[in-house]
1. For region 90-103, does any single residue satisfy the condition of being at pLDDT below 95 and not hydrophobic (A, V, I, L, M, F, W, C)?
2. Can you name every one of the helices (runs of 4 or more DSSP H) wholly within region 143-213 that holds 2 or more residues which are over 19 Å from the mean Cα position of the chain (by Cα) and more than 16 Å from the ligand (Cβ to nearest atom)?
3. Being closer than 17 Å to Asn166 by Cβ and of a type in the set (Asp, Glu) is the requirement here; does Asp249 meet it?
4. Among the residues of region 82-136, which ones are in a helix (DSSP H, G or I) and either of a type in the set (D, E, K, R) or touching a helix residue (DSSP H, G or I) at 6+ places or on another chain (Cβ under 9 Å) (or both)?
5. Could you check region 212-256 and list, in sequence order, the residues that are of a type in the set (Ser, Thr, Tyr) and closer than 30 Å to Thr105 by Cβ?
6. Any idea how many residues of region 244-268 are of a type outside the set (Asp, Glu) and buried (at least 17 other Cβ atoms within 10 Å of the Cβ)?
7. Residues that are part of a loop (DSSP other than H, G, I, E, B) and of a type in the set (Val, Ile, Thr): does region 290-298 have at least one?
8. Quick test for you: out of Leu178, Leu173, Leu165, Leu265, pick the one residue that is more than 21 Å from Ala135 (Cα to Cα) and not β-branched (Val, Ile, Thr).
Amino acid sequence: MQKDKIVVFGSFVVDLTSWAGHLPVAGETVKGSMFKMGPGGKGSNQAVAVHRAGGDVTMVTKVGDDVFGRVALDFYKNEGMNTDYIFIDKKTGTGSALIMVDENTGQNQILVVSGACDKITPEEVDSTESLIDEAKIVLLQLEINMDAIERVINMAHAKGKTIVLNTAPAQKLPDSLLQKVDIVTPNEIEAGALCDMTVENEQDARKAAQILLDKGVRNVVITLGKNGVFVMTPEKHELIPAKKVKAVDTTGAGDAFNGGFVTALAEGKDIFEAARFGNIVGALSVTKIGTAPAMPYRDEIDSFVQ
Ligand code: ADP
């Protein structure tokens, strides 16, 4: 089977999650019922999704010279992933996300400090040149410093690589950047932020996708949660309905989708087929609790397909 190399250039943070009967208000201390620490960050989650889905992926990120940095290295080693491009920052600590979950409603409050992965230097970006030379696909998100994102996109674009940009978390982006991107993969909120509109249904998604094509993006894939995925290329568009599953935790669904999507692209599938594959990976991820630990393995994906 064709298996082109994928580079994920993105964030790593340690998720520190606590559950309680209610979320604290300012100044309140609440006694919680459970605590979990685990690897997180959109970049890292997406790289894990690719790896488990059977893709050949190298994660590029930056962690601190601290205990949380070792969480990243131990986790990737355990998963069997390449750690050659995990840069270490001697001054800034590893990123963290403090997540509080109301166990009755599922509502959460999250405070993310990007830490080291927000401090990737131009020299570090440039040192990935040979890695990017070997790859076919470069997948990025918006959780690391913007100057590094732009530098990677410029380098990968000049080399004719397929650039997939998951525009998360939501923010506006200059057209000059979007024009170098082959495929953007926002969710509804992120598509809305890019296009200055509200995206809530297929009709809105179609309008937003057209706006993005007009801005110069080559292809648009908008994830619509339990409503599936809307895909638009210059030639055609299609809504791919979500798979029916019992959702227990939808955090990380977008990361699972993106990981699955680029894995299929690297196997030579077209955008629509790749989105169908991502749609399955996204669906399987919501049947389990957590982000990276909830990413499905290829045998689970294959048996779901059958
Ligand atoms: P994000 O996590 O970025 O908000 P979405 O909520 O749009 O992303 O979900 C990404 C993808 O995951 C969807 O396009 C779909 O393929 C899958 N997915 C999400 N929620 C569900 C669900 N409840 N049932 C089945 N698939 C889902």
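1. Scanning region 90-103 turns up at least one residue that is at pLDDT below 95 and not hydrophobic (A, V, I, L, M, F, W, C).
2. On the way: elements: 146-158, 175-178, 188-195.
Counting at least 2 such residues, we get 146-158, 175-178.
3. Spelling it out, it is not the case that Asp249 is closer than 17 Å to Asn166 by Cβ and of a type in the set (Asp, Glu).
4. Taking region 82-136 and keeping what is in a helix (DSSP H, G or I), we get 116-118, 122-126, 129-134.
Residues satisfying the conditions are Ala116, Cys117, Asp118, Pro122, Glu123, Glu124, Val125, Asp126, Glu129, Ile132, Asp133, Glu134.
5. Residues satisfying the conditions are Thr223, Thr250, Thr251.
6. 15
7. yes
8. Criteria check complete, one pass: Leu173.
The values are calculated or read from the model by the stated rules, or taken from the named source; none is laboratory data. As the structure is a prediction and not an experimental result, all values here were calculated from the model. Note that we place each Cβ from the backbone using ideal geometry, even for glycine, and neighbour counts take in every protein chain shown.
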